[in-house]
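Read through the structure below, which is laid out as structure tokens, and then see the notes.
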Amino acid sequence: MSSRTILKKVIEKAQSKGYTFMIRPECEFFLFHLDEDGLPTTITHEQAGLMDVGPVDFGENARREMVLLLEQMGFEIESSHHEAAAAQHEIDFKESDTLAAADAIMTFRFAVRSIAKRFGLYATFMPKPRTEEAGSGMHLNFTVYKDDKNIMDGMQGSVSGETRDFINGILKHSAALSAYTNPTVNSYKRILLALDDAKVKPDHDISTTYIRIREGLFEPAIELRFPDSSANPYLALALCISAGLQGIEDGNGANIPIRLPIANVNDLPHDLKEAVKCAAADPFIAEVVGSDFARIYAGTRMDEWDSYMREVSSWEIEKYLYKL
């Protein structure tokens, strides 16, 4: 079964219970130079930061061209800007229904890479390409409707009812979800950076919170901050939606409010191997994607982990060669 088919089945099951979703992705990426052979590097000569513009933002022209192309392809772009790290960018497009959002993410990645190449740059959605810089995420904003009504309508400062139960469902399975929302060895370098932030910042600072409520310019939505763009969006959305709906089914119906943010990155796995073990131990995963799919997927992830562990890194050479 393909990942897109898995998502379609989840959507159909949700609709049979009266639930529909609008998804608003926030996709971050880096623009790096190519070497003399046209191969990608992690080199950039800019030092721009969050919301900086040209001439400090060297990638401004490329990003503008990406927006224009995406709009020609039918995307409704809501914002684009330079992100916190040097050479890091973000382009956000309008929310859409679940399947359309997953399709849009896949198309978006291809379009961004294609335009970057025209400017002699390489666009990468790798979660953490540079040790000294912040990583890139793929934040997913969920607006949940029950019988065409936003379940968050009327919320004021706290979360209760179905919204609380939906969030609790994701919290319950978040460790297992990570194997699919953060599916590479490199994904956890980004999460470890957030853990470092958690040591020096107050509890539930935005950089260390992986679920929060978004209000303001848009309809109230549940924002998942832990996924990254190495994830297959069909699988990530299928599993997150299923976890939330299971939370609603398991909810006790009591209208007891909770306050957000409540989810700290300390609760997530710290490496890919741990995430795969969590996914294998949670029967919920196989219920959504199928037992054969879950087994094969876990095997490919563990192959990647084993390959990583066999590799002697430059860090190890620098750390041990002259000492031992």
Distance between modelled label sites at Asp267 and Asp148, nm, 7 Å Cα→Cβ extension: 3.5 nm
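Over the chain, what per residue volume does the convex hull of the Cα atoms give, in whole Å³? Show your work: numbers first, answer last.
Values: hull volume 51.4 nm³, N = 324.
That works out to 159 Å³ per residue.
Rounding to the nearest 20 debye, state how big the charge dipole of the chain is about its Cα centre with +1 on each Lys and Arg Cβ and -1 on each Asp and Glu Cβ.
Details: 34 positive and 49 negative charges, 132 e Å.
The calculation lands at about 640 debye.
Given an 8 Å cut-off on Cα distances and at least 6 residues of separation, report the relative contact order of the chain as a percent. Don't skip to the answer; put the middle values down first.
Working: 558 pairs, mean separation 68.2, N = 324.
Relative contact order comes out at 21 percent.
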All lysines inside 28 Å of Lys13 as judged from Cα atoms, apart from same-chain residues fewer than 8 positions distant: Lys94, Lys146, Lys149, Lys172, Lys277
Residue-level accessible surface for Ser307, protein heavy atoms, 1.4 Å, Å²: 70 Å²
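Could you rank Lys117, Lys9, Lys146 by how accessible they are, 1.4 Å probe, largest area first? All intermediate terms of the calculation are to be shown ahead of the outcome.
On the way: Lys117 155, Lys9 110, Lys146 60 Å².
Greatest to least solvent exposure: Lys117, Lys9, Lys146.
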Heavy atoms of Ile317 accessible to a 1.4 Å probe, total area in Å² rounded to 10: 80 Å²
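Considering only protein heavy atoms, with the full assembly of protein chains and a 1.4 angstrom probe, order His82, His45 by accessible area, largest first. Before the final figure, lay out the partial values.
Details: His82 0, His45 130 Å².
The ordering from most to least exposed comes out as His45, His82.
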Spin-label model distance (nm) - Ser16 vs Ala286, 7 Å beyond Cα toward Cβ: 2.1 nm
Solvent exposure ordering (accessible area, 1.4 Å, most first) of Val312, Val112, Val56: Val312, Val56, Val112
Reduced Cα scattering model of region 80-157, Debye log10 I(q)/I(0), q = 0.13 Å⁻¹: -0.57
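For region 1-79, what is the convex hull (Cα atoms) projected area averaged across all directions, in square nanometres?
On the way: hull surface 35.7 nm².
If you wrap the Cα atoms of region 1-79 in a convex hull and average its projections, you get 8.9 nm².
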Calculated FRET efficiency for the pair Asp97/Glu65, C-beta based, R₀ 22 Å, to 0.05: 0.20
Furthest towards positive pole of dipole, Ile105, Leu69, Gly120, structure part region 43-157, Cβ charges: Gly120
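Share of the chain's accessible area from carbon and sulfur, percent, 1.4 Å? Each step should come with its number before you reach the end.
Working: 8150 of 15660 Å².
Exposed carbon and sulfur together represent 52 percent of the surface.
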Euclidean distance of C-alpha centroids, region 13-57 and region 106-172, integer Å: 12 Å
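The values are calculated or read from the model by the stated rules, or taken from the named source; none is laboratory data. The structure displayed is predicted, hence computed values, not measured ones. Backbone-built Cβ (ideal geometry, glycine too); neighbour counts: all protein chains shown. All accessible areas refer to the heavy atoms of the entire protein, side chains included, with ligands and DNA or RNA removed. Shrake-Rupley method; radii C 1.70, N 1.55, O 1.52, S 1.80 Å.
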